[in-house]
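Worksheet: one structure, shown below.
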Amino acid sequence: MVFARSERPRLPTAIKILVAGGFGAGKTTMVGAVSETRPLRTEEVLTDRGIGVDDLTSVEAKRTTTVAMDFGRITLGNDYVLYLFGTPGQERFWFVWDELAEGSLGAVILADTRRLADCFPSVDYFERRGTPFVVAVNCFEGAQTFELDEVRLALQLNPSIPIILCDARKRESSREVLIALVKHSARLRAEPVGT
């Protein structure tokens, strides 16, 4: 079937988003929860070789780690398709971040209040690159809760950077975080965006 120029179906805009944060913050969980396709995961089992290298404080039950990336996809209405790339959280795998960040609209930095200092490398990285980002505080069961202004102060974030509470296990919660990032990025670029 041949379409006239005005009859061609309009393709949605593809948007690349990174999901970053510290080791065990919930990046793989978020990509898996929100992806409409089965996510690609590059997880490996933690072994004895990580003793003295991997800090498991507050995430002692963690058995696997992302060694390259997680990948998922979500469609927002008829206008946007988000391609999600979860970054590895451990420092020894950070060398892949530059490749993953190339061409991205922005990033979600997942924060775990049990290990809040683990967010600093992600915040520093995206600030240096000039990449728009939001911080999503992943609400882990049993973790101490803090006001969002306390998290902002602890991470030394500019007041213009959105901070959101989320549950990375829940699709709708993760979706709201992604929408917040797209809107934040559009504001910074002064581009209109639908909901």
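Structure values in brief
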| quantity | calculated |
| --- | --- |
| Projected label distance in nm at THR37 and PHE95, using a 7 Å step from Cα toward the beta-carbon | 2.8 |
| Hydrodynamic radius (Kirkwood) for the range 79-165, which is based on Cα pairs only, to one decimal in Å | 13.9 |
| Fully extended contour minus Cα-Cα distance, from GLU176 to ASP124, at 0.36 nm per residue | 16.3 nm |
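Every number in this text was worked out from the coordinates using simple rules, so none of it is lab data. Computed from a predicted structure; not experimentally measured. Here Cβ is always computed from backbone atoms with ideal geometry, including for glycine, and neighbour counts include all displayed protein chains.
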